[in-house]
Amino acid sequence: MNLDWPSPDDRIGDVYASYAPIYDALFEHALGDTDFYVRAAQARVPAGGSILELGVGTGRLTEHYLRAGFRVVGVDTSADMLERARERLAPHGERCRLVHGDMRSLALGERFAMAVAPFGTVAHLLADDDRRRAFAAVHAHLAPGGVFVFDDCPAWIAGAAGGTTLDLRCTGRDPATGARVRLQTNLFDAAGAPLSVRYDFIDWLDADDRVSRRVVVRVVFRNVGLDEELALLAGAGFGRVDVHGDFAGTPLDRERPASNGRLVAWCHRGDD
């Protein structure tokens, strides 16, 4: 049987075009990561300093940084998500610079005390070379003593998705129509490839909870073992990487990473 598996050429920016109009309605309060990322910045970035945010999306986290007094340079491959971010972050004016670009080829002309890639952004780097280039580009944009912080889902890293369930992820309200929207997901591992594929079913429901509209989105993730990930980071110049099993700093279970709530990595420049 000939199956249409994804390739590293899948364009994640185009995928998120389908999400842009209702992304905030679904995920604004569903992730539980904003307090962690703001505290991390407060611990590492001088007051009023600049943060590099990769996968900035609609500015969900960015707005919290700006309210906390930081400057942000946000990068994303999705023009549609960035358009939402520009509308959302317009009141913050020149303290926010949004860039339509690729984390593998950054050339921003600025260095940062901290770079972040929230909500599994690095999982969209589908080949080892993608990660090498992206990690090296981030390292080059860090000031001496700088740190790169990202999080990922241990289940993606462990690669243990069988595609046998359709899971309700979250719900929200469409800001344009007021209709209830739900997100259901089905995740499976691609045969013969270090990739996982997730089909997202975005449903708009009527007053009787019947589906009045459905959008199906295919999102692809890279499965990477922890040792492999650490080797790629070391190859990019990061001298020390501290890993945790959630946003509270719980030690990561290296034997069973999928048992943790989240992989959180603090990647320090070699001179830190």
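For the stretch 125-142, filtering for residues that are touching a Lys or Arg at 6+ places or on another chain (Cβ under 8 Å), buried (at least 16 other Cβ atoms within 10 Å of the Cβ) and of a type in the set (A, V, I, L, M) leaves 5. Of the residues making up the stretch 166-207, those that are basic (Lys, Arg) and within 27 Å of ALA127 (Cβ to Cβ) are ARG169, ARG198.
Conditions (1) hydrophobic (A, V, I, L, M, F, W, C); (2) modelled with pLDDT of 95 or more; (3) over 22 Å from ASP152 (Cα atoms), marked per residue:
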residue	(1), (2), (3)
TYR19	no, no, no
ALA40	yes, yes, no
HIS64	no, yes, no
MET81	yes, yes, no
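The stretch 21-125 holds strands (runs of 3 or more DSSP E) entirely within its bounds, and those carrying 3 or more residues that are touching a residue at least 60 places away in the same chain (Cβ under 8 Å) map to 50-54, 112-117. A single member of ALA127, ALA134 is more than 25 Å from THR34 (Cα to Cα), assigned by TED's automatic domain parsing to the domain that holds PHE247 and under 17 Å from the mean Cα position of the chain (by Cα), and it is ALA127. The one condition from (1) charged (D, E, K, R); (2) under 18 Å from the mean Cα position of the chain (by Cα); (3) not assigned by TED's automatic domain parsing to the domain that holds ARG132 that ASP167 does not meet is (2).
Residues in the stretch 103-120 that are at pLDDT 95 or above and closer than 20 Å to VAL38 by Cα: ARG111, PHE112, ALA113, MET114, ALA115, VAL116, ALA117, PRO118.
The values are calculated or read from the model by the stated rules, or taken from the named source; none is laboratory data. Here the structure is a predicted model, which means the values were calculated and not measured. When we count neighbours, we look across all protein chains shown, and the Cβ atoms used for this are built from the backbone with ideal geometry, even at glycine.
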